[in-house]
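Everything on this sheet refers to the single structure shown next.
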């Protein structure tokens, strides 16, 4: 039974790591997709990497990392890119405020059914 206890102990350690690796793959997928879109927008504007990087206020290496989906690029560089591409308003939807169940329960309820007022006379 020594082997079984060892397996259980190791399984408990490696199981969370497995999910962490899956999450990292998914994150990398989204970053790569975002980088692909950024490159497409840059090319649609007919900007070279040097010109676009200068507009963003970053180096061409940073822009290259953004377009390749590197997770090491600061969020400020992405905000500048959204501003230059006139998509900064799209960032408002990220982590937007959502009412909790408690807030919804406390909110005053408006009756869906309303009747017409009575006629005088």
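Would you check which residues across segment 52-76 are more than 14 Å from residue 39 (Cβ to Cβ) and not in a loop (DSSP other than H, G, I, E, B) and list them?
Listed by number, the residues that qualify are 54, 55, 61, 75, 76.
Being loosely packed, with under 14 Cβ neighbours inside 10 Å, in contact with a helix residue (DSSP H, G or I) (Cβ under 8 Å, 6 or more places away or on another chain), at pLDDT 90 or above and not in a loop (DSSP other than H, G, I, E, B), is that true of even one residue in segment 16-31?
Looking for residues that are loosely packed, with under 14 Cβ neighbours inside 10 Å, in contact with a helix residue (DSSP H, G or I) (Cβ under 8 Å, 6 or more places away or on another chain), at pLDDT 90 or above and not in a loop (DSSP other than H, G, I, E, B), one finds none in segment 16-31, hence no.
When only residues in segment 85-102 that are within 24 Å of residue 63 (Cα to Cα) and surrounded by 10 or more Cβ atoms within 10 Å (Cβ to Cβ) count, which is modelled with the highest pLDDT?
85
The values are calculated or read from the model by the stated rules, or taken from the named source; none is laboratory data. Every value quoted in this text rests on a predicted model; they were computed, and no experiment measured them. We place every Cβ from the backbone using ideal geometry, glycine too, and count neighbours over all the protein chains shown.
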